[in-house]
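The values are calculated or read from the model by the stated rules, or taken from the named source; none is laboratory data. Note that this is a predicted model, so its numbers are computed, not measured. Quick reminder, even Gly has a Cβ in these numbers, built from the backbone with ideal geometry, and neighbours come from all protein chains shown. These area figures cover heavy atoms from the full protein model, side chains too; ligands, DNA and RNA do not enter into them. Shrake-Rupley method; radii C 1.70, N 1.55, O 1.52, S 1.80 Å.
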Amino acid sequence: SLLNSLPAPLCEPAELLLIVSPSHPTEGSPVTLTCKMPFLQSSDAQFQFCFFRDAQALGPGWSSSPKLQIANMWKEDSGSYWCEAQTMASKVLRSWRSQINVHRVPVADVSLETQPPGGQVMEGDRLVLICSVAMGTGDITFLWYKGAIGLNLQTKTQRSLTAEYEIPTARESDAEQYYCVAENGYGPRPSGLVSITVRIPVSRPILMLRAPRAQAVVGDVLKLHCEALRGSHPILYWFYHEDVILGSSSAPSGGGASFNLSLTAEHSGNYSCEANNGLGAQRSEEVTLNFTVPTGARSNHLTSGVIEGLLGTLGPATVALLFCYGLKRKIGRRSTRDPLRSLPSPVPQEFPYLNSPTPGQLQPTYENVNVVSGHDVYSLVYYNQPEQESAAAETLGTHTEDQVSLDIYSRLRKANITDVDYEDAM
């Protein structure tokens with residue numbers, strides 16, 4: 001801008017001089033106006049001074065000071081300035097006009113910051129997006145945008161280097177990228193993108209138990225799966241049996257976590273899990289798993305002991321007669337059934353336990369044994385099935401009889417009494 005001097009009206013002659021410092025002010029900077037009298041003949045004269053801009057008096061009006069201090073000059077303060085001096089004899093002197101143009105500084109170095117810092121906020125807390133410029137003068141317009149496509153959230157115009165946009169209650173949908181734009185008449189200047197993460201505490205997790213059969217038994221592998229349907233990742237899961245820690249597993253990107261447990265007789269009872277992502281822990285409801293050691297297993301152990309005692313006291317001939325009698329009964333009992341052949345084992349299934357499990361029936365397990373005697377081959381097909389209240393005696397008797405026959409045969413082979421051999425099931 002330029003500082004132009006124009007003759008003031010009614011100037012006879014121009015004995016005053018207006019000095020502007022600095023002569024090229026920028027917005028926001030101070031300016032000092034001085035009214036000088038270079039042709040003053042007598043220093044004893046008393047004067048009053050007044051400064052004007054576009055015919056309007058500035059400051060306090062008439063005063064004895066030849067200087068006027070303007071703290072901040074703005075773009076709208078640009079205009080034509082002059083000063084006047086008046087003696088006690090009411091003689092008025094006037095300076096030449098001076099044109100003052102105030103320079104505006106374009107905005108630069110726009111940045112976006114967050115409160116709380118780091119761009120992470122808890123769900124439900126207050127989030128503030130602070131847009132700042134390193135330089136720029138005058139009225140600055142600030143605009144905030146959400147997402148890379150630029151959804152305008154708010155616009156503010158103020159004479160400040162910073163402005164704020166507030167989200168009173170942060171929600172999960174507020175997790176996004178943000179940026180702001182600032183401009184003061186020289187074109188918009190955008191900031192960089194800032195990512196906002198809304199941290200969400202975990203919800204109460206759900207625990208599911210998965211067993212390979214409807215009624216879990218000792219030796220089964222039990223799968224515990226725990227999942228919190230809501231919560232920021234990563235989430236750490238802890239698994240409990242009767243409030244005793246079994247183990248832990250982490251889910252870095254969701255989907256829950258699992259833990260495998262090989263069941264023993266002590267593992268009946270209540271199971272639970274806990275989810276924690278550093279924002280608070282939540283415990284699941286308890287899931288009860290009840291199972292007992294199969295009665296058949298105890299009966300087999302007892303029968304084996306009786307057989308050992310029997311073989312130790314009876315002579316070889318008596319034992320041979322018992323074996324032939326038992327083998328004849330077994331073959332006769334199965335001759336009325338379907339043609340002898342190997343039966344495939346049933347496909348394993350998983351049975352879930354969730355909160356209050358309702359066990360189903362245990363799937364039977366089939367076994368095949370081929371007995372060779374001379375040139376004849378006998379195929380014995382039997383299966384083990386859990387006790388049922390309606391047929392407990394029959395199941396226990398059949399299973400015990402099968403076990404007795406096989407144990408006797410094993411003893412005879414060791415004594416070299418028979419040449420009967422076992423072959424793999426076809």
Relative contact order as a percentage, segment 17-100, C-alpha pairs under 8 Å and 6+ apart, gives 34 percent
In square angstrom, rounded to the nearest 10, how much accessible surface does Ser80 have for a 1.4 Å probe? 10 Å²
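Considering only DSSP beta bridges with both partners in segment 108-199, what is the antiparallel share in %, to the nearest 5?
Within segment 108-199, antiparallel bridges account for around 90 percent of the total.
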So, how do all the Cα-to-Cα distances of segment 110-174 break down into 5 Å bins, in percent, from 0 on up? 4, 16, 25, 25, 17, 9, 3, 1
What list of ³J(HN,Hα) couplings, whole Hz, do you get for segment 231-246 from phi and the Karplus terms 6.51, -1.76, 1.60, once you set θ to phi - 60° and write x for glycine and proline? x, 6, 8, x, 10, 9, 10, 10, 10, 10, 10, 6, 6, 9, 5, 8
Using a 1.4 Å probe on the protein heavy atoms only, what accessible surface does Met208 show? Give it in Å² to the nearest 10. 50 Å²
Once the Cβ-Cβ distance between Ser195 and Arg283 is put in as r, and R0 is 41 Å, what FRET efficiency do you end up with, to the nearest 0.05? 0.80
Subtracting the Cα-Cα distance of Leu151 and Val218 from 0.36 nm times their residue separation yields 18.1 nm
Dipole magnitude (debye, nearest 20) for segment 17-100, charges at Cβ of Lys, Arg, Asp, Glu: 180 debye
How far apart, in nm, are the 7 Å Cα→Cβ label points at Met135 and Gln86? 4.4 nm
Calculated FRET efficiency, Arg171 and Thr264, Cβ-Cβ r, R0 60 Å, to nearest 0.05? 0.80
Taking the simple approach of a point 7 Å from Cα along Cα-to-Cβ for both Lys36 and Ala55, what is their distance in nm? 3.0 nm
At 1.4 Å probe size, put Trp82, Trp74, Trp238, Trp62 in order of accessible surface, largest to smallest. Trp62, Trp238, Trp74, Trp82
Extended-chain gain in nm, criterion 0.36 nm per residue less alpha-carbon gap, Val105 and Asp125: 3.5 nm
Accessible area of Lys146 in the full protein assembly, 1.4 Å probe (Å², nearest 10): 50 Å²
Estimated dipole of segment 205-289 in Debye, rounded to 20 [Cβ of Lys and Arg +1, of Asp and Glu -1, Cα centre]: 300 debye
At Thr162 and Asn290, where each label point lies 7 Å from the Cα along Cα→Cβ, what is the point-to-point distance in nanometres? 6.6 nm
Using 0.36 nm times the number of residues separating His233 and Tyr186, minus their current alpha carbon distance, what extension gain do you get? 12.5 nm
